[in-house]
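Q: Have a look at the structure that comes next, please.
The values are calculated or read from the model by the stated rules, or taken from the named source; none is laboratory data. This one's a predicted model, so the numbers in the text were calculated from it and none came from an experiment. In this analysis, Cβ positions are derived from the backbone assuming ideal geometry, glycine residues included, and neighbour counts consider all displayed protein chains. Surface areas here come from the heavy atoms of the whole protein model, side chains and all, with no ligands, DNA or RNA. Shrake-Rupley method; radii C 1.70, N 1.55, O 1.52, S 1.80 Å.
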Amino acid sequence: MKLTIITVGKLKEKYWLDAVKEYQKRISKYAKIELIEVADEKEPNNAGEKDLEQIKDKEAERILSKVKETQNVVTLEIHGKEYTSEKLAQEYQRWMNIGKSDVVFVIGGSNGIGDAVKKRSNQEISFGSLTYPHQMMKVMLLEQLFRVNKILRNESYHK
């Protein structure tokens, strides 16, 4: 399995960086993993809806420039399908079984994901209707990908 996680914005805080490195190391025992950060677009003061759409469009261009045509794109969106860890493991296994084992996960910027990325997405998943910081979402996704691999191999970790 080849996993790529594309995020908008750069992690700066040491505690997030440490968590990301730890889960990246753990996942690398099961799959090839690549983390890509694209620049976030600066939001002007008093930004209107049109400004926010333009910001998402520019970020979408940056995201899509990193996506290959053959990759299976999964966006993290508040209105996506929710999974338990076990069901996500089944979905992960399904991707492998049908030859979609080059998976790109996209975590958008603070204003969301641009329409161009949504159109390119093969699947939308949600971690619930709560709002999380993007840095935390990256760590949560990595943790779940590690957990999925443990579940699929019946290894201890998942309870």
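Q: Starting from residues that are within 25 Å of Asn111 (Cβ to Cβ) and open to solvent by 100 Å² or more (accessible area, probe 1.4 Å), keep the ones in the range 69-94 and report whichever is modelled with the lowest pLDDT.
A: So the residue we want is His79.
Q: Would the range 124-139 turn up any residue that is within 16 Å of Ile27 (Cβ to Cβ) and charged (D, E, K, R)?
A: yes
Q: Could I ask something else about it? Going by the structure shown, is Leu11 closer than 22 Å to Lys100 by Cβ and touching a helix residue (DSSP H, G or I) at 6+ places or on another chain (Cβ under 8 Å)?
A: In short, no.
Q: Working only within the range 105-136, note down all residues that are open to solvent by 20 Å² or more (accessible area, probe 1.4 Å), more than 20 Å from Gln71 (Cβ to Cβ) and not polar (S, T, N, Q).
A: Gly112, Phe127, Leu130, Tyr132, Pro133, His134, Met136
Q: Separate question: So which residues in the range 72-114 are touching a residue at least 24 places away in the same chain (Cβ under 8 Å) and assigned to a loop (DSSP other than H, G, I, E, B), if there are any at all?
A: Of everything in the range 72-114, those that are touching a residue at least 24 places away in the same chain (Cβ under 8 Å) and assigned to a loop (DSSP other than H, G, I, E, B) turn out to be Tyr83, Lys100, Ser101, Gly108, Ser110, Asn111, Ile113, Gly114.
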